[in-house]
Amino acid sequence: MSNPAAAKPCGAALVALAIGAALSIPHARADDGAKPGDAALTCEQIAAELAPYARQMIPNLQALGASQQQLYEQARAMSQQRQAEHAMLAPMATAGALDPTGASKRAYAMAAAAQAAKEKAESEALASSPLAQQNRAQSEQLAAQGKEMQSDARLRRLMQLGQEKHCDKR
């Protein structure tokens with residue numbers, strides 16, 4: 001006992017209902033990290049949402065910073081020592097310029113070559129030291145963490161919003 005005339009309006013209503021539902025359901029697409037209300041976020045709100053991401057990185061950043069500081073201090077001490085050693089070679093260079101026999105010049109050349117070899121060995125030792133190896137490992141770990149975080153769609157969206165709103169300029 002169905003009425004064909006009544007079926008048409010019901011069919012149209014079902015189609016309209018299906019279209020409305022399809023528009024309100026998120027499409028099967030890659031998550032872009034957007035949330036309702038993103039456009040209205042202030043820089044402070046964006047920063048608040050970014051804070052947990054930053055906190056994840058703090059331990060790795062602190063460890064890397066500490067090892068870099070130690071390497072810097074070692075390199076600075078080595079530089080100061082080298083300056084003193086070069087200053088001790090200066091009189092030999094002057095004597096070499098004034099010695100008509102050339103013996104002082106040859107002695108200076110040998111001392112300068114020995115100093116250069118010593119500095120090269122020290123630099124290589126520092127570069128392959130356990131501290132330098134630890135620093136490289138920490139740097140790689142931080143880079144891997146950053147790469148992993150790049151796959152977080154929400155983080156990418158927040159960074160994009162921050163740039164669009166020029167939050168980095170404040």
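Bear in mind that the values in this text are calculations on the coordinates, not laboratory data. Source: prediction; values computed, not measured. Counting neighbours? That spans all protein chains shown, and the Cβs are built from the backbone with ideal geometry, glycine included.
Quick rundown of the values:
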| item | result |
| --- | --- |
| Fully extended contour minus Cα-Cα distance, from ALA63 to ARG154, at 0.36 nm per residue | 30.1 nm |
| Loop-located chymotrypsin sites (Phe, Trp or Tyr not before Pro) in the range 42-141, at most 14 other Cβ atoms within 10 Å (DSSP) | none |
| Length added when fully stretched, ALA121-LYS147, from 0.36 nm per residue minus Cα-Cα | 5.8 nm |
| The range 31-102 versus the range 141-170: alpha-carbon centroid distance in Å | 23 |
| Anchor LYS35: aspartates and glutamates whose Cα lies under 15 Å away (excluding residues fewer than 8 positions away in-chain) | GLU49, ASP152 |
| Relative pair counts by distance (%), Cα atoms of the range 41-169, 10 Å bins | 11, 23, 19, 16, 13, 10, 7, 2, 0 |
